[in-house]
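Here, each number is a calculation from the coordinates, and none is a lab measurement. Here the structure is a predicted model, which means the values were calculated and not measured. Cβ sites come from the backbone with ideal geometry, for glycine too, and all protein chains shown count toward neighbours.
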Amino acid sequence: MTVHSGETRRVTLAAEPRVVADHDSALPGGRIAARRHRVALAHDAGDRSTVASATLRGATMKP
């Protein structure tokens with residue numbers, strides 16, 4: 001998909017929950033904090049031209 005200057009598109013990103021989870025020693029797994037996360041869409045790791053944010057609901061994960 002190509003987005004041209006001035007054009008707006010809605011995209012859906014799916015992330016493996018373990019990527020955004022933190023280890024919680026009080027749980028047998030991990031915890032995803034309910035908060036806003038920054039998301040960058042880029043050509044490479046040095047490209048920060050398109051940065052947005054996403055709000056995740058809190059959750060716990062089983063190991």
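Remarks
- The range 30-50, subset among the small types (Gly, Ala, Ser) and loosely packed, with under 13 Cβ neighbours inside 10 Å, residue nearest to Met1 (Cα to Cα): Ala42
- For the range 20-34, a tally of residues being farther than 23 Å from Ser53 by Cβ and in a strand (DSSP E or B) returns 1.
- Of the criteria (1) exposed (fewer than 12 other Cβ atoms within 10 Å of the Cβ); (2) more than 19 Å from the chain's Cα centre (by Cα), which one Arg10 fails: (2)
- When residues of the range 1-19 are limited to those that are in a loop (DSSP other than H, G, I, E, B) and basic (Lys, Arg), the one farthest from Thr60 (Cα to Cα): Arg9
- Of the residues Ser53, Ser25, the single one that is surrounded by fewer than 10 Cβ atoms within 10 Å (Cβ to Cβ), among the small types (Gly, Ala, Ser), touching a Lys or Arg at 6+ places or on another chain (Cβ under 8 Å) and without any contact (Cβ under 8 Å) to a residue 40 or more places away in the chain is Ser53.
- In the range 35-63, of all residues being farther than 20 Å from Arg9 by Cα, part of a loop (DSSP other than H, G, I, E, B) and among the small types (Gly, Ala, Ser), the one that is nearest to the chain's Cα centre (by Cα) corresponds to Gly58.
- Beta carbons closer than 8 Å, at least 6 apart along the sequence or on distinct chains, pair a first residue in the range 28-46 that is free of Cβ contacts under 8 Å to residues at least 24 places away in the same chain with a second that is part of a loop (DSSP other than H, G, I, E, B) and basic (Lys, Arg) for Ala40/Arg48; Ala42/Arg48.
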